1. Would a scan of segment 90-102 turn up a residue that is at pLDDT 90 or above and in a loop (DSSP other than H, G, I, E, B)?
2. Restricting the search to segment 14-63, which residues are among the aliphatic types (A, V, I, L, M) and within 14 Å of THR81 (Cβ to Cβ)?
Amino acid sequence: MAKSFADYAREREATMTAAELDVVHAFDQAAAFGQVVYGARKARGLRQTDLAELSGVTQADISRIERGQVAPTIHTLLKLTAALGVEIQFVLAEPGAEPAESISLRAPVAG
């Protein structure tokens, strides 16, 4: 039976130091957040250039955020969420939870 990517990833992570695991975790979180921003942007029918105009964040930075290459600063995060008309919701997840399960964007609750 062939190994899955997840099997290889688990084997590799088993040999990593705590510092290396921290880097992998940070990358996973940035990538998950990027996917959330991408999904919110697409759901609103916006191109990256549209979101850049609305938010004041450069299109290049939006691209890097969506690809998980960089983690946005709080200031950038607030600009993006305001332009998308959403709020950030972070969930404190159990260790080992998928990064995408701990971050979401949602429409603000009126009131």
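The values are calculated or read from the model by the stated rules, or taken from the named source; none is laboratory data. Keep in mind that what you see is a predicted model, and the values were worked out from it rather than measured. Ideal geometry is used to build each Cβ from the backbone, glycine not excepted, and the neighbour counts take in all protein chains shown.
1. Of all residues in segment 90-102, those at pLDDT 90 or above come to none.
No, every residue in segment 90-102 fails to be at pLDDT 90 or above and in a loop (DSSP other than H, G, I, E, B).
2. Here is the first cut: in segment 14-63, the residues among the aliphatic types (A, V, I, L, M) are 14, 16, 18-19, 21, 23-24, 26, 30-32, 36-37, 40, 43, 46, 51-52, 54, 57, 60, 62.
Hits for segment 14-63 are VAL36, VAL37, ALA40, ALA43, LEU46, LEU51, LEU54, VAL57, ILE62.
Matching residues to (1) in contact with an Asp or Glu (Cβ under 7 Å, 6 or more places away or on another chain); (2) among the basic types (Lys, Arg); (3) in contact (Cβ under 8 Å) with a residue 40 or more places away in the chain; (4) surrounded by 14 or more Cβ atoms within 10 Å (Cβ to Cβ):
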| residue | (1), (2), (3), (4) |
| --- | --- |
| ALA14 | no, no, no, no |
| PHE27 | no, no, yes, yes |
| ARG44 | no, yes, yes, yes |
| ASP50 | no, no, no, yes |
| LEU54 | no, no, no, yes |
| ILE65 | no, no, no, yes |
| ILE74 | no, no, no, no |
